[in-house]
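Here, each number is a calculation from the coordinates, and none is a lab measurement. Everything quoted here is computed from the prediction, not taken from an experiment. Reconstructed Cβ throughout: ideal geometry from the backbone, glycine too, with neighbour counts over all protein chains shown.
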Amino acid sequence: MWWGLLVVLVGSVCAGCAAVLQALAARSIPDTGRGLRPGLVIDLFRQWRFIAGIGLDLCSFAAATVALRVLPVFLVQAVVAANLAVTALVAWRILGTRLRRTEIGAVVGVCLGLAALGLSAAPQSPDRGTSALHFGLLGAVGALVLLGVGAARLPGRYSALGLGLLAGFAFGLVNLCSRVLPGFTPALLVGQPTLWAMPAAGLCALLFLNTALQRESVVAASAGTILGQTIFPAVVGLVALGDHTRPGLGPLALAGFAVAIGGTLFLTRYGDLAEDNAGPAGGRGEDLTDPDAPSAAVSS
């Protein structure tokens, strides 16, 4: 199962790069402030940065799908969500952004948490879930749409938090659907409700997250997304799909999960390198060591 962990780690790097590109694209489009606007997705697809980000997202999804054949959902989702640790290291090594000691500790914590998860996780259960679960995942897409419409009408920061959380649920739903598919041959896929739920949930995730990125800081949008895409799928995997830890290592897995997600949440400000703007010091980005520093406007 270690090869699966390596694959999903590569997918996590792709997801981190995709988040940066998509945030740049979303910030370059003015927000109308009138609830959800499906046309936003069409506008985004006119930008090369967004298209490149989608390509990397597809690579991340493919990696997660492969990993979910051998690893439990809680481990895969935690690794994918930890992409912000990679982004923080990119900001440090390439952009020259200074990492505070607490942030270095958060990166180390993410690595240690993932290592604990990897050591404690048992191989994936062969259980693909019941028909009721499959149709329930399809029905969850409809619930996400209704909740998204409501969240988009909330004021400012609350809207971003709500949409970010729902985007996380949608991302998690995509991976759960791929987890329960019985196979990838046409004969097995025909009639599978989760096959139709996957693209619908993916479109919801794109619309919710990019609307949130238009309205608030990446911290507000990303925090909810990280929680939604890790806790929700992990619970479903443990309760309905037979995921489990190695005997006696349940507490280690729980501690590793908490440390990895906590460290990732601490690093949410690195989810949008678009907030770096050229400064006087050789074009280096603004100093992000002050979390209250104003964000720079992003040009298209």
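A cut-off of 5 Å between modelled amide H atoms, ignoring neighbours fewer than 5 places along the same chain, links A121 with R246. Pairwise Cα distances in segment 3-44 exceed 17 Å in 49 percent of cases.
Take the Cα of L112, step 7 Å toward its Cβ, do the same at D43, and the gap between the two points is 4.4 nm.
Ranked from highest to lowest mean number of other Cβ atoms within 10 Å per residue, what is the order of the peptides 254-262, 16-24?
Values: 254-262: 19.7, 16-24: 23.3.
For the peptides 254-262, 16-24, the packing ranking is 16-24, 254-262.
In sequence order, segment 146-156 has phi-based couplings of 5, 5, x, 4, x, 5, 5, 8, 6, x, x Hz under the Karplus curve 6.51 cos²θ - 1.76 cosθ + 1.60, θ = phi - 60°, and Gly or Pro positions carry x. Of the three principal axes defined by the Cα atoms of segment 2-275, the extents in descending order read 49, 47, 30 Å.
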